[in-house]
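The block underneath contains the structure these notes are about, expressed in structure tokens.
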Amino acid sequence: MRCPWCGHLEDRVVDSREAQEGQATRRRRECLGCARRFTTYERIEEILPHVVKKDGRREPFDRKKIVEGVSRACQKRPVSAEQIEALVAGVERQVQELGEREIRTVAIGEAVMQRLRKLDEVAYVRFASVYRAFRDVGEFMTELEGLARREPGSKPGGEGTR
């Protein structure tokens with residue numbers, strides 16, 4: 001590691017510890033040239049695919065866009081920031097595990113909706129109404145009827161919180 005003060009290329013690690021909830025390793029180093037100390041962080045390089053938009057454009061995967069969309073759908077719902085973060089982390093993990101170089105927005109949207117439906121049905125309907133861009137009220141009603149026919153014993157999200 002190059003010393004940020006003198007540029008020397010040799011150092012020794014004085015201390016290593018877990019950082020950012022296990023997502024990185026913090027290393028305290030001492031330069032063997034000038035004896036000054038500096039900190040480095042080691043992270044796993046996340047390989048995320050490019051997203052293929054509906055119009056064919058390609059852009060890098062952007063986690064913030066998913067967080068923003070889910071957060072909008074969950075406004076004024078009993079869904080915590082931690083639950084939103086866990087949902088997005090699950091989608092991101094699923095995308096990484098596919099190991100593909102490209103993924104269509106449809107696959108990402110479906111993964112979000114699958115998780116959101118389990119978390120809060122009202123937020124799910126909000127997200128689906130924007131994501132699926134229903135052409136008319138009939139399509140929207142069909143989606144709502146599908147929710148109404150859910151499996152017996154399943155509990156709707158936010159029950160009794162109107």
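Shown for the chain: cysteine residues without a partner Cβ closer than 4.7 Å, namely Cys74.
Taking amide H positions as modeled 1.01 Å from N, with prolines and chain starts lacking one, the residues under 5 Å from His8 and 5 or more places away or on another chain are Cys3.
In summary, the stretch 50-148 shows an alpha-carbon radius of gyration equal to 1.09 times the 2.2 N^0.38 Å reference for compact globular proteins. Taking Gly99, Gly109, Gly33 in turn, the Gaussian network model of the chain (Cα-Cα springs below 10 Å) assigns the largest fluctuation to Gly33.
Values of log10 I(q)/I(0) for the stretch 1-117 across q = 0.14 Å⁻¹ run -0.74, by the Debye formula with one identical scatterer at each alpha carbon and no solvent. Here's the list of aspartates and glutamates a cross-link from Lys53 could span, going by alpha-carbon distance under 18 Å and ignoring same-chain residues fewer than 8 apart: Asp62, Glu68, Glu92, Glu100, Glu102, Glu110. Of the GluC sites (Glu not before Pro) found in the stretch 1-107, those that fall in a DSSP loop while having at most 15 other beta-carbon atoms within 10 Å are Glu10, Glu45, Glu46, Glu100.
Computed 3J(HN,Hα) for the stretch 56-67, one whole-Hz value per residue from the Karplus formula 6.51 cos²θ - 1.76 cosθ + 1.60 where θ = phi - 60°, is x, 5, 10, 8, x, 4, 10, 4, 4, 5, 5, 4, glycine and proline marked x.
Rounded to the nearest whole Hz, the Karplus-based 3J(HN,Hα) values (6.51 cos²θ - 1.76 cosθ + 1.60, θ = phi - 60°) of the stretch 121-126 follow the sequence 5, 5, 4, 4, 5, 4, with x at glycine and proline. Distance between the pseudo-spin-label points of Arg58 and Leu144 (7 Å out from Cα toward the beta carbon): 4.1 nm. Of Gln94, Gln20, Gln83, the residue with the greatest mean-square motion in the GNM of the chain, using alpha carbon springs below 10 Å, is Gln20.
Amide hydrogen proximity for Arg36: with H placed 1.01 Å from N in the peptide plane, the residues at 5 or more positions away or on another chain lying under 5 Å are Cys31. For the pair Lys65 and Thr105, label points projected 7 Å from Cα toward Cβ lie 0.6 nm apart.
Values in this text are rule-based calculations from the coordinates and carry no lab data. Because the structure is a prediction, the values reported are computed rather than measured. We place every Cβ from the backbone using ideal geometry, glycine too, and count neighbours over all the protein chains shown.
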